[in-house]
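**Student:** Next up is a structure, given as structure tokens.
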Amino acid sequence: MGLCQYYLLSVVLLLPALCYSQFTFTSSRATFYGSPDGLGTPAGACGFGAYGKTVNDANVAGVSRLWNNGTGCGACYQVRCNVPEVCTDYGVYVVVTDYGEGDDADFVLSPRAFGRMALADKSEELYTFGVVDVEFLRVPCRFRGYNLKFKVHENSKYPQYLAVSMLYVGGQNDVLAVEMWQEDCKDWVAMRRAFGAVFDISNPPPGAINLRFQVSGSAGLTWVVANNAIPQIWKAGVAYDLLLRVRCNVPDVCTDYGVHVVVTDYGEGDDTDFILSPRAFGRMALVDKSEELYTFGVVDVEFLRVPCRFRGYNVKFKVHENSKYPQYLAVSMLYVGGQNDVQAVEIWQEDCKDWVPMRRAFGAVFDISNPPPGAINLRFQVSGSAGLTWVVANNAIPKFVA
């Protein structure tokens, strides 16, 4: 098993790999690095930044033979030491955030992670060893609320240079490649692995950005497509989760479930991704804790994109109030079902027997001057799990009246 995996990775993917089994512990050595607070380092080679300092409660590691040219970033391992009467049987779960080598060790742990391999009153004794024999096992990553998480790297410069840092991929999987959809050439274009888990590209396309990730795991090599993974106006340092359920992280105040919200506006402030309505903000709290939650003003949250479910609707729009019959028509997209987004709207022009694009005027409003007379046929370009598709709605608008 280990030998086959070695040849698969080194010959087919040109990524050198350490021979080890996915199902049994492998013997190795571990040490730890100096850190005044015992936490991870924000300067790790994976490019995680501040996230790498505290992720997984700062139980993090630098690796060398498991580095795999940065593919090993974000992988999770169980590591347990072999010092009788000092080490626990369980060891510690760690996340790879950095490259590190020394003393023939596969793991250079944070001080916190190294100490947590010890029995409750033996951590100081374990530190005196400096380097210890260990066993390790690759294990599935489990971070509450996330399936795949990345951020726009701090080095990005809008709009001419985009770098994304892969912070987390669920399960026992690795991201081998990232590609970006280029609408002008109708093709996926590879992003460069700049370093660690950071992929970059110059002159990214305008508008919302579609990405796809090549993931390796127990199912082999697969591509995961994320339409509108990055919004049209993106900012360096902002993290995104690809699967919007929002839940807050205030102990004894917030529910585990949170609240379902619908995006209706643009808003920013206090380094937040969400500016919620007062009702939505309060509904993240336990029944009798909403007033207490309001006092925080700004709270840490986790969010997840979820399918929209409005009873009786698949696609809903309205003729916008600015429309002027018969010379100007604007439609506002109110709702699209599932986990889909409307990218474009076109109108059928009978005189030229063709679909004509409507202009995105602002937000979710599309408009056109001098629409055709009579009942109006529309089609909507929808992006979702099935990729880009067109949905045709004949007689979508009766003989147009604003």
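Computed from the coordinates by the stated procedures, all read-outs in this text should not be read as laboratory data. Bear in mind the structure is a predicted one, so any value in this text is a computation, not a measurement. No Cβ is skipped: glycine too gets one built from the backbone with ideal geometry, and neighbour counts run over all protein chains shown.
**Student:** Order of His320, His153, His260 from fewest to most other C-beta atoms within 10 Å? Could the numbers behind the result be given before it?
**Tutor:** Working: His320 17, His153 21, His260 14.
Ascending number of Cβ neighbours within 10 Å: His260, His320, His153.
**Student:** Let me spell out the model: positive unit charges on the Cβ of Lys and Arg, negative unit charges on the Cβ of Asp and Glu, origin at the Cα centre of region 37-185. What dipole size does that give, in debye rounded to 20?
**Tutor:** On the way: 12 positive and 19 negative charges, 107 e Å.
Taking the Cα centre of region 37-185 as origin, the dipole is about 520 debye.
**Student:** Label region 81-199 by shape, choosing from rounded, prolate and oblate, from the square roots a ≥ b ≥ c of the eigenvalues of the Cα gyration tensor; if a/c is under 1.5 it is rounded, and otherwise prolate applies when a/b is larger than b/c, oblate when it is not.
**Tutor:** On the way: a/c = 3.16, a/b = 2.61, b/c = 1.21.
Taking the square roots of the gyration eigenvalues as a ≥ b ≥ c, region 81-199 is prolate.
**Student:** Using bins 5 angstrom wide from zero, how does P(r) for region 244-306 break down, in % of all Cα pairs?
**Tutor:** All Cα pairs, binned at 5 Å, distribute as 4, 19, 33, 28, 13, 4, 0 percent.
**Student:** Take every Cα-Cα pair in region 148-241 and report what % of them are more than 24 Å apart. It would help to have the intermediate numbers written out before the result.
**Tutor:** Details: 607 of 4371 pairs.
When all Cα pairs of region 148-241 are counted, 14 percent exceed 24 Å.
**Student:** Another one. So what is the relative contact order of region 315-397, in percent, for Cα pairs below 8 Å that sit 6 or more residues apart? Walk me through the intermediate numbers first.
**Tutor:** Details: 160 pairs, mean separation 22.9, N = 83.
After rounding, I find 28 percent.
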